[in-house]
Amino acid sequence: MKIVLDAMGGDNAPDANIKGAINAINQVKAEVILVGKEEVIRKKTKEFYGKEIEEISDRLKIRNATETIEMEDTPTLAIKHKKDSSMVVGFKMLKENEGDVFISAGNSGALLTGATLIVGRIKGIDRPALAGILPAYKSRLLLIDAGSNTNCKPINLLQFAQMSSIYLRNTYGIEHPAIGLLNIGTEETKGNELVRESYKLLKEKSKELNINFVGNVEGREAFSGKIHAIVTDGFTGNVFLKTTEGLGKFVKKSLTESLTRNLLAKIFSIPALPAIKRFSKTMDYKCYGGALFLGVKKPVVKAHGSSDALLFEYTIIQAEKFVENKAVEHMIEEFQKQGQKEEK
């Protein structure tokens, strides 16, 4: 297996990308290919580790790319005109079977545009979507769409629910994953027009599409452990995602300050340290990797724009599992079956 990593994408590139790849290499079986300015990658690796990248592991490779898509670039123009950018080169490698999964923390719009234009959509899916993994009570929560489609139609939310069901069944072995529609109340009549119409469509089509739709879910119930996936439009989903991450940081910071306020607090916190560390890890979004771009023909993972070395490390580990579980193949197969039924 070959994991292709955009070494130049993200706020902390290329330092965090390189360190994350090197930290992950002994935790995965795959070959990791860093795509970007070779001279820069080699110089940084020598600076950090005092070795050439090949000396660190024979499963670490470099693919040279002379351009970089910046955060301020217009997505479509960047994909069309920066042909030798690390992102476009990575997508082409994926399309031409020179890689099995592509990871980038770069310009989100460009990543989504490139995935759709270069790699292509799965037949039967109108709009691919970002599916982020979040912690939940004794469980995990899939959030879709986490930020790729700010304006959606009910058919899009229906397909997001279908994609999340297929993914959770085949990757986590959850036979009937509970899929909820994010709303401001649980009643069928609550919400804006998009949510109300999406509710009707999900209720009508859920049995036919094998979706265990459990109705509207308020944000405060999302992490109860009873819901496996939350469906929403990309604008709302991205606000929900970043609010959750911010709350997690706030809780960790407040807890740390409370436990280290004075000598007495430090002494009494010692017996609870193992439990506190477990809680801290559960709340750390970095441990859950990036967001999966469901709906395209090959595996694509969007890492956080602010990813540090630890988040890149976890995202690489997550990407290997994404490929091993054949998530995309299962998605294609399911939508193909649906298309055949509709033709009959």
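Does the range 189-198 contain any residue that is crowded, with 19+ Cβ neighbours inside 10 Å, among the hydroxyl-bearing types (S, T, Y), over 27 Å from G305 (Cα atoms) and in the same structural domain as L247 (by TED's automatic domain parsing)?
Scanning the range 189-198, I find at least one residue that is crowded, with 19+ Cβ neighbours inside 10 Å, among the hydroxyl-bearing types (S, T, Y), over 27 Å from G305 (Cα atoms) and in the same structural domain as L247 (by TED's automatic domain parsing), so the answer is yes.
Working only within the range 50-88, note down all residues that are farther than 11 Å from M8 by Cα and hydroxyl-bearing (S, T, Y).
S57, T74, T76, listed by residue number.
So if I check each of N64, N26, which one is at pLDDT below 95 and surrounded by fewer than 19 Cβ atoms within 10 Å (Cβ to Cβ)?
Among N64, N26, only N26 is at pLDDT below 95 and surrounded by fewer than 19 Cβ atoms within 10 Å (Cβ to Cβ).
Identify, by number, the condition in (1) of a type in the set (K, R); (2) outside any helix (DSSP H, G or I); (3) touching a Lys or Arg at 6+ places or on another chain (Cβ under 9 Å) that K226 doesn't meet.
Failing condition for K226: (3).
Test I166 against the stated conditions and say whether it is assigned to a helix (DSSP H, G or I) and at pLDDT below 95.
yes
Kindly list, by first and then second residue, each pair from a residue in the range 194-222 that is part of a loop (DSSP other than H, G, I, E, B) to a residue that is surrounded by fewer than 17 Cβ atoms within 10 Å (Cβ to Cβ) and aromatic (F, W, Y), limited to pairs with Cβ atoms under 6 Å and residues at least 6 apart or on different chains.
No pair meets every condition.
Kindly list, by first and then second residue, each pair from a residue in the range 49-70 that is not assigned by TED's automatic domain parsing to the domain that holds S85 to a residue that is in a strand (DSSP E or B), limited to pairs with Cβ atoms under 7 Å and residues at least 6 apart or on different chains.
So the pair list comes out empty.
Taking into account only those residues within the range 145-188 that are of a type in the set (D, E) and free of Cβ contacts under 8 Å to residues at least 40 places away in the same chain, which is surrounded by the most Cβ atoms within 10 Å (Cβ to Cβ)?
E188
Tally the residues that are part of a loop (DSSP other than H, G, I, E, B) and more than 11 Å from A7 (Cβ to Cβ), restricting the search to the range 49-107.
22
Can you confirm whether K226 is at pLDDT 90 or above, over 23 Å from A136 (Cβ atoms) and surrounded by fewer than 17 Cβ atoms within 10 Å (Cβ to Cβ)?
no
Go through the range 151-178 and give me each residue that's farther than 17 Å from L292 by Cα and in contact with a helix residue (DSSP H, G or I) (Cβ under 6 Å, 6 or more places away or on another chain).
Scanning the range 151-178 gives P154, L158, I174, P177.
How many residues are among the basic types (K, R) and assigned to a helix (DSSP H, G or I) when one looks only at the range 287-339?
2
The values are calculated or read from the model by the stated rules, or taken from the named source; none is laboratory data. Keep in mind it's a predicted model, so treat the numbers as computed, not measured. Here Cβ is always computed from backbone atoms with ideal geometry, including for glycine, and neighbour counts include all displayed protein chains.
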